[in-house]
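What follows draws every value from the coordinates through simple rules; no lab data is involved. Here the structure is a predicted model, which means the values were calculated and not measured. A quick note on method: Cβ atoms are made from the backbone with ideal geometry, for glycine too, and the neighbour counts reach across all protein chains shown.
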Amino acid sequence: MIFIKKILADLMEFVEFFKMKYKYDQRGVLKKYRLKYGLNKKLSEDMWCELFTEKSAYNYCAKFLLIKFWEDNNKISSKINIEGLKKWNELVTNINSSYSKLYDISENDILESEEMKEAFRKNDYDIYTIDDELAVFIIDRLKKYDFKGYNYSILYEIFNKLYKKEKRSGINLQYFYKPANAIEYILSLNKSEEKLG
């Protein structure tokens, strides 16, 4: 499917941008995580930190996909899809400089659903934030895709290709450190054939 290939390329660009942006950020905290929990300690400190940042980027990809899917299917009000951006452009001058706020509002909206509480529950991977630069980058890429009418299995198909088979230094990111909530939620959709009402 051409649609899936294109969205995969856009999400990979986001992952690379995220990793570059946060390559040396929060190193002190990450060292504490590594020592405190003792998970994957065979890896060098630099590799451990790099993998943590990469998994955080994928977790945000999962969050953006879920929000976009819910907005496109009218399960929450639109903010980061084309319809939502049009509305916000009418309300706020230079909305591009506030895309991170739109993301935050969208995340708060989706958290009102009992179904999404676990997927969006804060965890260690949320040490990094989506600032305006990252928000503009990913929202501008995702807005061209429309998930209206698709079932949840499309998210699993996209994310499985993007993430599950990714290996760095022999480590499958799925088993690195601790589970990431949004990632785990999407990977649990592999048998979901639920149609949206």
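By the count of neighbouring beta-carbon atoms within 10 Å, fewest first, Val29, Val15 end up ordered Val29, Val15. Shown here: Rg/Rh (Cα atoms, Kirkwood Rh), derived from the displayed model; of the candidates (i) 1.26; (ii) 0.96; (iii) 1.89, it corresponds to (ii). Among Phe120, Phe3, sorting on how many other beta-carbon atoms sit within 10 Å of each Cβ, with the fewest leading, yields Phe3, Phe120.
A crude spin-label estimate for the pair Leu39 and Ser77, with each label 7 Å from Cα along the Cβ direction, gives 3.6 nm.
When the helices in the chain are scored as -39500 (n - 2.57) per DSSP H run of 4 or longer and the sum is shared across all residues, what 222 nm value do you end up with, to the nearest 500 deg cm²/dmol? Dividing the helical sum by the residues of the chain leaves -17500 deg cm²/dmol.
Where in the chain are the DSSP H helices whose C-alpha atoms run 27 Å or more along the long axis and whose mean Kyte hydropathy is at least -0.5? Walk me through the numbers on the way to the answer.
Values: long enough: 2-21 (29 Å, 0.80); 45-72 (40 Å, -0.26).
Correct list, ordered by number: 2-21, 45-72.
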